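Read through the structure below, which is laid out as structure tokens, and then see the notes.
The values are calculated or read from the model by the stated rules, or taken from the named source; none is laboratory data. Bear in mind the structure is a predicted one, so any value in this text is a computation, not a measurement. Glycine also receives a Cβ, built like all others from the backbone with ideal geometry; neighbour counts cover every protein chain displayed. The area values use the complete protein model at the heavy-atom level, side chains included, leaving out ligands, DNA and RNA. Shrake-Rupley method; radii C 1.70, N 1.55, O 1.52, S 1.80 Å.
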Amino acid sequence: MITQNLGYPRIGSQRELKKACEQYWAGRDSQKNLLSTARNIRKQNWQTHKDAGIDLIPCNDFSFYDQVLDTCLMTGAIPSRYSPVLAEEKNTNELDLYFAMARGYQKNNLDITAMEMTKWFDTNYHYIVPEFVKDQEFSFFSEKVVHDFYEAKEFLGFTPKPVIIGPVSFLLLGKEKEDGFHRLDLLDRLLPVYEQALEKLAAMGAEYVQFDEPILVMNLSDRERAAIKKVYENFRKKFPQLKTILTTYFECTGDNLKTAAELPVCVLHLDLVRCPSQLDDILKTGFANKNTILSVGVVDGRNIWKNDYEKSLTFIKKAVDALGKDRVIIAPSCSLLHVPYDLDLEKNEAVLSAEVKNWMAFAKQKLHEVSDLRKLADPEFSGDKEALLNKNKKAIESRKNSELVHNKIVKQRVEKLSAADAQRKSRFGQRQLVQQEQFNLPLMPTTTIGSFPQTTDIRKLRASYKKKEISLEDYEAQLKEETKKAIKWQEDVGLDVLVHGEFERNDMVEYFGELLNGYVFTENGWVQSYGSRCVKPPIIYGDVERKAPMTVKWATYAQSLTDKPVKGMLTGPVTMLQWSFVRDDQPRKDTALQLALAIRDEVVDLENAGINIIQIDEPAFREGLPLRRENWENYLNWAVNAFKVASCGVKDETQIHTHMCYSEFNDIITSIADMDADVITIETSRSQMELLEAFTSFKYPNEIGPGVYDIHSPRVPAVEEMTFLLEKALDVLPSKNLWVNPDCGLKTRKWPETEAALKNMVKAAGKLREEIKAPANI
């Protein structure tokens, strides 16, 4: 039996890549230093695998932004609008083109929008969406996969395993940018590029090559399954010397399992954490009579809890009994990209207690878990198996029996919830009239999504307070000053509904988690969300309960500074769930309801304090949707219910907003309508209002704020660009239901670009109001 890992975090154990990228983008450091930082991270990652005893060590899993964008560069799938960047940057390497595709390009008299970005399956990780046209040409443009293989081989002294996004997943994760074709029509043009890459890798001595085809866990058509079969038959025929590893993860392969089992690949990887039943299912297909090796994904690559060795060993034993030990590889369920680097970096017991820490494993520890399981499953292992098992069993039992985990009062409150707790008093049409009279807002009111730039000074201030270098009084005094400036600035710009700026918040989930029972935190538990954006997900280890009001003080202070309405800003229960590492000892819906009750208490307290516009963000609502359609209904029922429990404890006069970003809404629009938020704001600028189509074809009855500029890019869109997008929205929405806002919160942006963009946004809204010449309060 051998071991493998599918992928590893690439931001650096101290977020070195984030810092180096941002220095480079800001023009404060050279490309040479950025490349050096990346090289050091890769070498550290390979050494960590080597030290853990992993046999098949991945390379090309490192990325400066994301692996799908890497594949766009590898295959030359570069949208034509970036041709001027190619010409402009001809004297440099491809990195500036790469970043332009991810972030947009606005210099040297060029103004080019970034490519669309969306969630990687049901994770909080984002990828850049490939763009395809009917006459798409592909070429082996970037040889990064070859360079990374050479570098890893030189460093390790033996042959690493290149990791590549499979061609069918690459095409299906993209979008057609013109009519008259399906992106799968491009497969025959794409395959020669993959073949060129494989030829070079084979010539350099590659033995195993990992192809990620996570699309196999989705509901596929016969044509899509046939395309996957065609690809791997082609690779087997042309490269018989290469041992192809095909990986699936995040869900059951369902009705695609037979196709996967019959593929002419050397190794098939299945995620047995998300779908344990797959092992029995594949053994029933006749797989045992083939020569294909089975990679069993038994160590959770998506969560931070210690592996239960006894449970994993039952899967491994079943696979070995059916196939023989030479046909079983032990692995994590998916890439370890989705978990933090190293639990050993958590040294402060005041932040993470020794008891709770003992229940966890991060990426480095998970590699050792994989290695331990191989030892325990090997009858020839001469070490002390009993000691290894007992140490693991003791940690598992400690968590199961801990008094920290269970809260009887919280459980009883969830049990007492009724249908009435998830209903507003009146229908939206009646509420809308009451709210229009209450707020007297102009046509197409302008607002932002919530946060304002978290400057270096703000971050230093928060760090100083956490280190106890300044008092609570001094800390809050400076936060009040920042809030006061933000309110004054919004008034001066002419925004209609204001926000307090969230200067006191480190993260939209972590901030609330710190104020709730049942959560615990880390100091270095960073994971990548997109590009250089890293988040430090809190950890839900026990029953969740609100200890005291969390936001009322800051919301009411901001409201005291202005006569304009200020939104209360909260994170919704589904997003709190999705963007945390969640306990796995009870159903997720039960944890969601505990979170919903905590948010409900806060909503009621805000209303009682005079805050009558309250935004409950749910950007992760679509992200939580199961990957297979047969599981959607159950999730949507409990997710909608959780949001409504959180939001429905208020009067008609209180306007409930929600925000969702970077999601495809078409298939779940009925459920979004069932959430019954008075106003929903959504991302639409990168897709040129494409995402609005779902709402308009459905005739979504409530108010909508389609984002008119992309906050994930530093470029500042012109008034004309925003006006154009608003006109597209007005073509399909009644003006009385339209709000004007950015795509998302502005926390990650700089103040100069934020100020310029919001001024242009207000001008665009004003221009259209004049053209419509409607009364001020419709």
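Values computed for the structure shown
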quantity: Gain upon complete extension [ASP378, ILE772; 0.36 nm per residue less C-alpha separation]; calculated: 134.3 nm
quantity: Between 0 and 90°, nearest 10: helix 632-647 axis offset from the chain longest Cα axis; calculated: 30
quantity: 222 nm mean residue ellipticity, helices alone, for the chain (DSSP H n ≥ 4; -39,500 (n - 2.57); rounded to 500); calculated: -13000 deg cm²/dmol
quantity: Cα centroid separation - the stretch 439-489 against the stretch 145-217, whole Å; calculated: 45
quantity: By average C-beta atoms within 10 angstrom, highest first, the peptides 409-420, 330-341, 122-133, 47-58; calculated: 330-341, 122-133, 47-58, 409-420
quantity: Test item: Cα-centred dipole of the chain, Lys/Arg +1 and Asp/Glu -1 on Cβ, debye; calculated: 1020
quantity: The stretch 425-584: C-alpha gyration tensor shape, a/c 1.5 cut-off, then a/b vs b/c; calculated: oblate
quantity: Principal-axis tilt of helix 31-52 within the chain, Cα atoms, nearest 10 degrees; calculated: 50
quantity: Carbon/sulfur fraction of accessible area - the chain, other protein chains in place, 1.4 Å, %; calculated: 48
quantity: Sequence-distant residues sharing a close amide H with THR658 (under 5 Å, placed H); calculated: ILE616, VAL679, ILE680, THR681
quantity: DSSP-defined beta bridges in the chain - what % are antiparallel, rounded to 5; calculated: 20
quantity: Whole-angstrom gap from the stretch 715-778 to the stretch 234-279, using each part's C-alpha centre; calculated: 47
quantity: Coil-residue trypsin sites (Lys or Arg not before Pro) of the stretch 693-773, DSSP, other Cβ within 10 Å capped at 16; calculated: LYS699, LYS750, LYS773
quantity: Under Karplus coefficients 6.51, -1.76 and 1.60, residue-wise ³J(HN,Hα) of the stretch 597-603 in Hz, glycine/proline x; calculated: 5, 5, 5, 4, 4, 5, 4
quantity: Under-5 Å amide H pairs with ASP743, H placed in peptide plane, nonlocal only; calculated: VAL708, TYR709, ILE711
quantity: Sum of side-chain charges, GLU653 neighbourhood, beta-carbon under 13 Å (Lys, Arg +1; Asp, Glu -1); calculated: 0
quantity: C-alpha center-to-center spacing [the stretch 85-135, the stretch 626-679] in angstrom; calculated: 32
quantity: Probe 1.4 Å, accessible area per residue of the chain, Å²; calculated: 38
quantity: Selection of trypsin sites (Lys or Arg not before Pro), the stretch 451-489, meeting DSSP coil and at most 15 other Cβ within 10 Å; calculated: LYS467, LYS468
quantity: Accessible surface ranking that places the most exposed of GLU653, GLU623 first, with a 1.4 angstrom probe; calculated: GLU653, GLU623
quantity: Rel. contact order, % - alpha carbon contacts under 8 angstrom, at least six apart, the chain; calculated: 13
quantity: In degrees, nearest ten, helix 428-439 long axis to first principal axis of the chain (Cα); calculated: 50
quantity: Which labelled figure in [x] 158; [y] 222; [z] 402 is volume of the Cα convex hull per residue in Å³, once derived from the coordinates; calculated: [x]
quantity: Mean separation of Cα contacts under 8 Å, 6 or more apart, over the residue count of the stretch 61-115: relative contact order %; calculated: 27
